[in-house]
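So the structure is just underneath, and the comments pick up after that.
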Amino acid sequence: MTQFVVDSTLQERLRTARETIDFIDDSGHTLGVFCPMLPPPYDPSLVPVLTDEERRARMAQPGRYSTAEVLRHLESL
């Protein structure tokens, strides 16, 4: 991975960002996107809200695996 050292001004702007930032060149072309690591508490709008009915429906769906089964499968890869 390539790393870039940023000056203190940009560092502070990135550190306090609360949404994604597009990096663009002087022509307006996107070079990349910065996604800040938000500390807890996380934005509650990002957490899906399930009704009790939706939760029960998901739990009743076939194809559920225990943690042990998932770990066994991952170790076999």
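The values are calculated or read from the model by the stated rules, or taken from the named source; none is laboratory data. Computed from a predicted model, the values in this text were never measured in an experiment. Because the Cβ atoms are built from the backbone with ideal geometry, glycine has one as well, and the counts that use them run over all protein chains shown.
A few notes on this one:
- Residue match in the stretch 19-33 (condition: assigned to a loop (DSSP other than H, G, I, E, B) and modelled with pLDDT under 85): no
- Scanning the stretch 6-13 turns up one or more residues that are on the phi < 0 side of the Ramachandran plot, surrounded by 10 or more Cβ atoms within 10 Å (Cβ to Cβ) and polar (S, T, N, Q).
- Residue pairs whose Cβ atoms lie under 8 Å apart, sitting 6 or more positions apart in sequence or on different chains, and linking a residue in the stretch 16-32 that is farther than 17 Å from Phe4 by Cα and surrounded by 10 or more Cβ atoms within 10 Å (Cβ to Cβ) to a partner that is modelled with pLDDT of 90 or more and not charged (D, E, K, R), are Ala17/Phe34.
- Within the stretch 45-70, the set of residues being in a helix (DSSP H, G or I), surrounded by 10 or more Cβ atoms within 10 Å (Cβ to Cβ) and not basic (Lys, Arg) comprises Glu54, Ala57, Glu69, Val70.
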